[in-house]
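Undergrad: My questions all concern the structure below.
The values are calculated or read from the model by the stated rules, or taken from the named source; none is laboratory data. No experiment lies behind these values; they were computed from the predicted model shown. Methodologically, a virtual Cβ is constructed for each residue, glycine included, from the backbone with ideal geometry; neighbour enumeration extends over all protein chains shown. Accessible surface is based on the protein model in full, side chains and every heavy atom, while ligands, DNA and RNA are left aside. Shrake-Rupley method; radii C 1.70, N 1.55, O 1.52, S 1.80 Å.
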Protein chains: 4
Amino acid sequence: MNLPPPADPGFRQRVHDSFARQGVMHTLGATLETADAGRVVIVMPHKPELAQQHGFLHAGIVATALDSACGYAAFSLMPADAAVLTIEFKINLLAPARGPWFRFEGVVLKAGRTISVVEGKAWQHEAGGPQTPCASMTATVMTVQGRGLTH
Amino acid sequence: MNLPPPADPGFRQRVHDSFARQGVMHTLGATLETADAGRVVIVMPHKPELAQQHGFLHAGIVATALDSACGYAAFSLMPADAAVLTIEFKINLLAPARGPWFRFEGVVLKAGRTISVVEGKAWQHEAGGPQTPCASMTATVMTVQGRGLTH
Amino acid sequence: MNLPPPADPGFRQRVHDSFARQGVMHTLGATLETADAGRVVIVMPHKPELAQQHGFLHAGIVATALDSACGYAAFSLMPADAAVLTIEFKINLLAPARGPWFRFEGVVLKAGRTISVVEGKAWQHEAGGPQTPCASMTATVMTVQGRGLTH
Amino acid sequence: MNLPPPADPGFRQRVHDSFARQGVMHTLGATLETADAGRVVIVMPHKPELAQQHGFLHAGIVATALDSACGYAAFSLMPADAAVLTIEFKINLLAPARGPWFRFEGVVLKAGRTISVVEGKAWQHEAGGPQTPCASMTATVMTVQGRGLTH
């Protein structure tokens, strides 16, 4: 889908600043690798303290990183005074999330005035090794203005 | 929907043991409050290190606790030698997750031989105060046997 | 969740009028049974011309009736000049949709100014017989005003 | 994702035969345009008898065609004696479905022994005109063997 140009030329800094305020990204050990217009990539390693009972990364943690990638992909196209809130997301787990490294990408499918739809994909890989898909998300996010939310 | 009786009379212990092995539940500060047949409740407090940029509990963390509640609700009805894996889930965020306390409930809607469907609801409340809904989930989980997965 | 009272006292007539304009409901042979505030019920029989390859009602047709039930449940609470549009829905099929009769119920979970979340349930039954669940939906719908859409 | 080769070399005929048995595809006026390994395309025109109250193709009918495209994309990779059943799907509506022509594509993302995940996309266009996206689906389908289901 053709996306509109970013409404705010300072969108990269705005995405980086907001990401830095997400306490949960520090807890996950997640890093913001790319913040393009309509596309965001987050990377992180596996950690036992984020695992489910079989030792795989918990599906909800995969969803946490993917939701941030999707939300910031949409946020990158929003006006400078807007905040982003997730309305809903759906995730399919394609393979046990063994890691040891993960890559989460959000790409905007539709950027509406109020509602944006974003597709997220997660991959896992050995350091330097080939990436294999481990999850797929669709997220619906909302542009929020005038409600006193910081970015 | 009428649910079958639990296939394993020791299901409560099995759910508690598996929950204790989820490293991520310790990280979240989550506690298993109830493990009934087809119904599981998890509780946890808000923590800044699990927040998104506005200070609300990150949608993915809400999803993490709800997914565990849903997964274990289904697991409670499974045979003693089965493991549970989440195939997919969808979550709607109904209100900003301010806390300070959260309650996550998973209730089995359909318990199939291979596929189970579970509904999850999240509420937030002040200590001793009334609970208000903050999220709703539907999860599809799989009964896995003979693949060498521990519970 | 506590729902607000209907914004338009003439909501029942408004729902019935809009339903009558849905050409697809005629094609399905669907009838609007109940139009309460925040809750709508639609009924219909099985028909071979709506079946998939095994003779069951096609999952998409189950979704069509459920989406209308969900959309009108939200519409019942909206202002008199508003239109309703579905943003997204997710459906789980719980049993093969054999019929011969189906009942589709939409109940509003959250009625927001812009976004509403609605839960849908489908049941099937013999005439006069007990109802068994066959599908479960969550739908996100939008209140649209000032875009020139009729109801 | 790398997909396995089709388990049945006669998969094209099998998909066409099963599609022809879907009564609902005749009602929709839908045609099977492409049946490749892991990828199926269905086309259809807009019809007033499939519309919602504003004259757009009903979201559930978009979902019906997309679900068939997704289901048959997965079915194309299944063994010759298998049937396909939809477990669940989620759809985002990206634009009002005005038509006059629609194209529905299902592409397999993961082909598992029991569970497959398929992505669906819908486009609309004037005859000979450019296609614009109108919906996006993720479907989870099941390979069913030994339950007496015809294809």
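Undergrad: So what is Rg over Rh here for segment A:15-108, counting just Cα atoms and using Kirkwood for Rh?
TA: 0.97
Undergrad: Taking θ as phi - 60°, what are the ³J(HN,Hα) couplings along segment C:52-65 by the Karplus curve (6.51, -1.76, 1.60), each to the nearest whole Hz, with x for Gly and Pro?
TA: Running phi through 6.51 cos²θ - 1.76 cosθ + 1.60 with θ = phi - 60° gives 8, 5, 9, x, 6, 4, 4, 3, x, 6, 4, 5, 4, 5 Hz.
Undergrad: Quick query: amide H of A:LEU109 versus all other amide H atoms, modeled in the peptide plane; which residues come in under 5 Å with a sequence gap of 5 or more or a different chain?
TA: Answer set, sorted by chain and number: A:VAL117, A:VAL118, A:GLU119.
Undergrad: Which shape class applies to the protein assembly as shown: rounded if a/c is under 1.5, otherwise prolate when a/b exceeds b/c and oblate if not, where a ≥ b ≥ c are the square roots of the Cα gyration tensor eigenvalues?
TA: It comes out rounded by the Cα gyration axes.
Undergrad: Looking down the axis that turns D into C, which residue of D has the closest beta carbon, and how many Å out?
TA: Checking which Cβ lies nearest the axis yields D:LYS90, 2.
Undergrad: In whole Hz, what ³J(HN,Hα) sequence does segment A:9-19 give by Karplus (6.51, -1.76, 1.60; θ = phi - 60°), x for Gly and Pro?
TA: These are the phi-based 3J(HN,Hα) values: x, x, 5, 4, 5, 4, 5, 4, 5, 5, 4 Hz.
Undergrad: Could you pull the accessible area for B:ARG12 with a 1.4 Å probe, rounded to 10 Å²?
TA: 120
Undergrad: About the Cα centre of chain D, what is the dipole size in debye to 20, counting +1 per Lys and Arg Cβ and -1 per Asp and Glu Cβ, all else neutral?
TA: 140
Undergrad: Lys/Arg Cβ at +1, Asp/Glu Cβ at -1, dipole of chain A taken about the Cα centre: which of A:ALA139, A:ALA69, A:HIS16 is farthest positive-ward?
TA: A:ALA139
Undergrad: In nm, one decimal, shortest first: how far is the label point of A:GLY10 (7 Å from Cα along Cα to beta carbon) from the matching points in the other copies?
TA: 5.0, 6.2, 6.7
Undergrad: While we're on this one: Kindly write out, for segment A:139-147 in residue order, the coupling ³J(HN,Hα) from the Karplus curve 6.51 cos²θ - 1.76 cosθ + 1.60 (θ = phi - 60°), rounded to whole Hz, with x marking Gly and Pro.
TA: So the J values, rounded to whole Hz, are 10, 10, 10, 10, 7, 10, 10, x, 10.
Undergrad: So what is the relative contact order of segment B:6-151, in percent, for Cα pairs below 8 Å that sit 6 or more residues apart?
TA: That works out to 25 percent.
Undergrad: Can I ask one more? Where the eigenvalues come from the Cα gyration tensor of segment C:58-151, what are the semi-axes √(5λ) of the equivalent ellipsoid, largest first, in whole Å?
TA: They are 28, 12, 11 Å, listed largest first.
Undergrad: Would you please give the residues with an amide H less than 5 Å from that of C:ALA37, counting only those at least 5 places away or on a separate chain, with H modeled from the backbone geometry?
TA: Amide H neighbours of C:ALA37, under 5 Å, 5+ apart: none.
Undergrad: Quick query: amide H of B:ARG21 versus all other amide H atoms, modeled in the peptide plane; which residues come in under 5 Å with a sequence gap of 5 or more or a different chain?
TA: Long-range HN contacts for B:ARG21: none found.
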